[in-house]
Amino acid sequence: MATATLPRLAETYQKEIRPALAESLDRKNPHSLPKIEKIVVSMGVGSAISDKKNLEDAVSALTEITGQKPLICKARKSVANFKLRQGMPIGAKVTLRGARMYEFLDRLISLVLPRVRDFRGLSDTAFDGNGNYSLGLSEILVFPELNPDKYTRSQGMNIAICFSGHSDDDSRELLKAFGFPFKRPDLEQ
């Protein structure tokens, strides 16, 4: 029986980031330190109202990106102006935890974000007040797993990183320690 190996980012967190964070935040209790609880990757597919194939493509892309089958999200209310009825499928989401979460975050930081066109860094103010961070990608083809010939329609996605801490500053410090590419104020024009 093969033993499961810890993802690279999880191992770095345990051995290097956690002790450094405890020292910089001046905390003795390791449970008071911020840690990532889950990452939610979601896609809203409004065009699924008129063409069901668009939702199938989004589900297929999310499956390839995350390695997990997405949950289909349905409309909560009917909106006549958009020809939307309650219960119609209009999106998909995946909640990542554990090893898959760390592997996804590692790929996001080291492979995906550097491939974004005209990338100047992520905003360090996109926290929600409870320490959770959200970002949006306007194109899913920056993920190297996806075949550009198969996914011809432009589609975006949202990524929400949820933390155990309740402070934006603690979460920001943890993301910086992971190597998250935040905008540098000295380079802004």
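Remarks
- Most positive-pole-ward Cα, Val79, Thr125, Cys162, against dipole of region 75-189 from beta carbon charges: Val79
- Euclidean distance of C-alpha centroids, region 1-76 and region 166-180, integer Å: 16 Å
- For region 63-189, the share of alpha carbon pairs falling in successive 5 Å distance bins from zero is 2, 8, 15, 19, 19, 15, 11, 7, 3, 0 percent.
- Between helix 98-107 and the chain there is an angle of about 80 degrees, using the helix long axis and the longest principal axis of the Cα atoms.
- Normalised alpha carbon radius of gyration of region 1-120 [divisor 2.2 N^0.38 Å]: 1.42
- R0 of 41 Å, Cβ-Cβ distance Ser32-Gln86: FRET efficiency to nearest 0.05: 0.40
- On Cα atoms only, tilt of 168-178 relative to the major axis of the chain in degrees: 90 degrees
- Computed about the Cα centre, the dipole magnitude for region 1-92 is approximately 480 debye when only Lys and Arg (+1) and Asp and Glu (-1) carry charge, each at its Cβ.
- Backbone geometry of region 25-40 corresponds, through the Karplus equation with coefficients 6.51, -1.76 and 1.60 at θ = phi - 60°, to 3J(HN,Hα) couplings of 8, 6, 10, 8, 7, x, 6, 8, 7, x, 8, 7, 8, 7, 10, 10 Hz, x marking Gly and Pro.
- Value of relative contact order over region 1-128, rounded to a whole percent, pairs C-alpha under 8 Å and six or more apart: 27 percent
- Close amide H contacts of Phe182 (hydrogens built in the peptide plane, cut-off under 5 Å, sequence separation of 5 or more or a different chain): Leu122.
- Relative contact order (percent, whole number), region 47-104, Cα cutoff 8 Å, 6+ residue spacing: 34 percent
- Close Lys-Lys pairs in region 9-89, where close means Cα under 16 Å and separation is 8 or more or interchain: 7
- Taking all Cα pairs closer than 8 Å and separated by 6 or more residues, the relative contact order of region 96-160 comes to 29 percent.
- Measuring max minus min along each principal axis, the C-alpha atoms of region 83-135 give extents of 40, 28, 28 Å (largest first).
- For Met88, distant residues with modelled amide H under 5 Å away: Ala75
- Placing unit charges on the Cβ atoms only, positive for Lys and Arg and negative for Asp and Glu, gives the chain a dipole magnitude near 800 debye about its Cα centre.
Each reported figure results from applying straightforward, stated rules to the coordinates on display, with no laboratory input. This one's a predicted model, so the numbers in the text were calculated from it and none came from an experiment. In this analysis, Cβ positions are derived from the backbone assuming ideal geometry, glycine residues included, and neighbour counts consider all displayed protein chains.
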